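Structure record follows, encoded as structure tokens.
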Amino acid sequence: MKTNKVNNKKTIIFRLFKDIREFYPVMLPLVIVFIVFNAIISSIPAIFMQNIIAIVEKNWQTGDWNGVKDNILSLVAILAVFYVLSILSGITYNQLMAFITQGTLKKFRIKMFSKMQTLPIKYVDTHNHGDVMSFYTNDIDTLRQMISQSFPQLLISSITVLSVFCIMIYYSVWLTMVILLGVTAMLFVTRKVGGGSAKYFIKQQKALGRLEGFTEEMMNGQKVVKVFCHENESKADFDKINEALYKDARKANRYANILGPIIINIGNVLYVIVAIIGGILLITKVPNISISGLPFGISIFVPFLNMTKQFAGNVNQVSHQINSVVMGLAGAQRIYGLIDEEAEHDEGYVTLVNVREEDGKLIECSKRTGIWAWKHPHSDDSVTYTKLTGDVRLYNVDFEYEPGKPVLHDISLYAKPGQKVAFVGATGAGKTTITNLLNRFYDIADGKIRYDGININKIKKSDLRSAIGIVLQDTNLFTGTVMDNIRYGKLDASDDECIAAAKLAGADDFIRRLPEGYNTMLTENGANLSQGQRQLISIARAAVADPPVMILDEATSSIDTRTEAIVQRGMDALMEGRTVFVIAHRLSTVKNSDVIIVLDHGRIIEKGNHEELIEQKGQYYQLYTGAFELE
């Protein structure tokens, strides 16, 4: 369940600053100090200009120029010092800001990836992979622009505006009131136009995620597109998604791009108005109202015109940054949406531990013994140990992926240690769903599943899954060597153990013929291997884990008949002494199973071994004899 708190923009900003402050508790305040210092210094030249002009104006009237040069040079020298300090502070805060920005993005990527590891399989099944990738690319990039550019510029512009305003009101209240009227107009336009673009920038980010998802899907399925000559259809679908992105981006940027020219022209008009009113004040000699108490003259009028430009320019800078801020907030909203996803719930407390047998009792050991047991703590502080054997039983299990749409109905079955149980049925009958429930990828709606007599809801999910090996129909290999991919099933496995597992799976022969043997690098999900070879490595990976329960979900479906015979011998050795659940369309691979369960629309319609089911002459018999085919 997602939380709603990331939908409020103010909440997002406060939360973002809170996170950055937690990441860099010392560096962030230091950056803010340098930014404020830099912004204040940028306002000081107006004061020096007023003093210089005042000196010239005074001496022009008196005709006494003694010491004028020295006074002006002193002011210029002091001003130069301020400029040097401004340069140094600007360089410092930019360097610190770059460090904070990249560090923050790094930590956000870690947060997102860490959360991804805790999410239930349901999240992966219901979200487009390309859209998820967009979190790490597009959304992170918009956040980078906002943190590194927009926020510092907004702070600088805001401080500068405040500093200049204070100087203005110090010199002339009349002209400051004129400036305030112009700024009010600027802020009104900024709010109206900038607010209108916000919703479209959020839509733009979502549309960009959909486009990336579609592109990834087409890249993965390019061979299928070519085989079925669907290039034009794919292009048409792409055009629709791209058009939607174009419309959202156009609307978002339409608002954002008209803001700048409007603000600039309001600033120009304001400059002219200040010049006219200032000129009138000079001619009419209206008494000046100011904190300084200085009479209104050229020494105030000229700096005031420059401050008007500076004031309007910084307001314009704020409007320019709205685009990046809104995009950044849209990206941050999606990022926090992922971070706030509810993690996979695990109420289990039964764990898997190493034990040794002594006088008929199981004694927990800290060292690996090769013997495992379930450690079951009880409410009275007592602890019992149940040896891990691989006894799996389902009692009246019901399940539904979506409320009101049941997938499994009253499933009851048992698999004793060492038994091979096969599931047969049409696509969608519920075969894979049952194996997903054994791993607790999904939780059942009703009924019970027991592993070695323990309700699997009481077993910690990580311990439960470490006791169950699985070979899927779709292979997943990772960037690394062949040895690394086999060792993925057991990270502390030795090279000899990995090689033994490869031999068991029938993969050793082809691996040794690879350019670097077991040290051959695999990339792009093993693109340099055939589908059958990739499957053999995934079988070896499961073999090295050596779990008491093995799930083979169409494990040999991608292997040709000749290779299947080789693999089947290894699979038979792998399955020996283990509880095995097999899903297969090839009935030849399940013929020797202890129990064959025929499923239809989530219900068990037949159960028995091969000979018993043939004698019943039911659906299995029809499948085996070819009278009925699996869909």
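Within the range 363-385, restricting attention to residues that are part of a strand (DSSP E or B) and of a type in the set (A, V, I, L, M, F, W, C), the residue that is nearest to ASP546 (Cα to Cα) is TRP372. For LYS607, the criteria (1) surrounded by 15 or more Cβ atoms within 10 Å (Cβ to Cβ); (2) basic (Lys, Arg); (3) modelled with pLDDT under 85 hold in every case but one, which is (3). Within the range 386-397, is even one residue under 30 Å from ALA527 (Cβ atoms) and assigned to a loop (DSSP other than H, G, I, E, B)? No: the range 386-397 contains no residue that is under 30 Å from ALA527 (Cβ atoms) and assigned to a loop (DSSP other than H, G, I, E, B). For the range 465-477, a tally of residues being of a type in the set (Ser, Thr, Tyr) and either surrounded by fewer than 17 Cβ atoms within 10 Å (Cβ to Cβ) or in a strand (DSSP E or B) (or both) returns 1.
Just to be sure I understand, how many residues within the range 511-539 are at pLDDT 90 or above and in a helix (DSSP H, G or I)? Residues meeting the conditions: 5.
Scanning the range 114-129 for residues that are touching a residue at least 12 places away in the same chain (Cβ under 8 Å) and either under 20 Å from LEU329 (Cα atoms) or within 11 Å of the chain's Cα centre (by Cα) (or both) yields LYS115, MET116, HIS129. Among the conditions (1) aliphatic (A, V, I, L, M); (2) crowded, with 18+ Cβ neighbours inside 10 Å; (3) in contact (Cβ under 8 Å) with a residue 40 or more places away in the chain, the only one that VAL355 does not satisfy is (3).
Per-residue answers, yes or no, for (1) more than 30 Å from ASP443 (Cβ to Cβ); (2) in the same structural domain as THR284 (by TED's automatic domain parsing); (3) not charged (D, E, K, R):
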{"position": "GLY297", "(1), (2), (3)": "yes, yes, yes"}
{"position": "ILE300", "(1), (2), (3)": "yes, yes, yes"}
{"position": "ALA312", "(1), (2), (3)": "yes, yes, yes"}
{"position": "ILE322", "(1), (2), (3)": "yes, yes, yes"}
{"position": "MET327", "(1), (2), (3)": "yes, yes, yes"}
{"position": "ARG334", "(1), (2), (3)": "no, yes, no"}
{"position": "GLU358", "(1), (2), (3)": "yes, no, no"}
{"position": "LYS361", "(1), (2), (3)": "yes, no, no"}
{"position": "ARG368", "(1), (2), (3)": "yes, no, no"}
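Annotation for the range 584-602: at least one member residue is at pLDDT 70 or above, under 30 Å from ASP484 (Cβ atoms) and out of contact with any Pro (no Cβ under 6 Å at 6 or more places or on another chain).
Checking each residue in the range 260-276 for being closer than 14 Å to MET307 by Cα and surrounded by 14 or more Cβ atoms within 10 Å (Cβ to Cβ) picks out GLY267, LEU270, TYR271, ILE273, VAL274, ALA275.
Pairs meeting the criteria (first residue in the range 376-388 and in contact (Cβ under 8 Å) with a residue 40 or more places away in the chain, second residue part of a loop (DSSP other than H, G, I, E, B) and of a type in the set (Phe, Trp, Tyr), beta carbons under 9 Å, at least 6 apart or on different chains) are HIS376/TYR349. Residues that are surrounded by 17 or more Cβ atoms within 10 Å (Cβ to Cβ) and either in contact with a strand residue (DSSP E or B) (Cβ under 6 Å, 6 or more places away or on another chain) or farther than 28 Å from LYS387 by Cβ (or both) within the range 487-500 comprise just one, ILE499.
Considering each residue of the range 500-523 in turn, none proves to be more than 30 Å from ASN396 (Cα to Cα), among the acidic types (Asp, Glu), touching a Lys or Arg at 6+ places or on another chain (Cβ under 9 Å) and in contact (Cβ under 8 Å) with a residue 24 or more places away in the chain.
Among all positions in the range 410-429, there is no residue which is assigned to a strand (DSSP E or B), over 30 Å from LEU587 (Cβ atoms) and at pLDDT 90 or above.
The set of residues in the range 478-504 that are under 13 Å from THR523 (Cα atoms) and either over 33 Å from the mean Cα position of the chain (by Cα) or part of a loop (DSSP other than H, G, I, E, B) (or both) comprises PHE478, THR479. Here the range 266-298 is the region considered, the condition is being of a type in the set (Ser, Thr, Tyr) and more than 11 Å from SER172 (Cβ to Cβ), and the residue that is farthest from the chain's Cα centre (by Cα) is THR284.
Against the test of being on the phi > 0 side of the Ramachandran plot and surrounded by fewer than 22 Cβ atoms within 10 Å (Cβ to Cβ), the options GLY480, GLY506 yield a single qualifying residue, GLY480.
Looking across the range 585-599, the residues that are in contact with a helix residue (DSSP H, G or I) (Cβ under 9 Å, 6 or more places away or on another chain) and part of a loop (DSSP other than H, G, I, E, B) come down to ARG586, VAL590, LYS591, ASN592, SER593. Please enumerate the residues belonging to the range 356-404 that are at positive phi and of a type in the set (S, T, N, Q). Matches in the range 356-404: ASN396 only.
The values are calculated or read from the model by the stated rules, or taken from the named source; none is laboratory data. Computed from a predicted model, the values in this text were never measured in an experiment. A quick note on method: Cβ atoms are made from the backbone with ideal geometry, for glycine too, and the neighbour counts reach across all protein chains shown.
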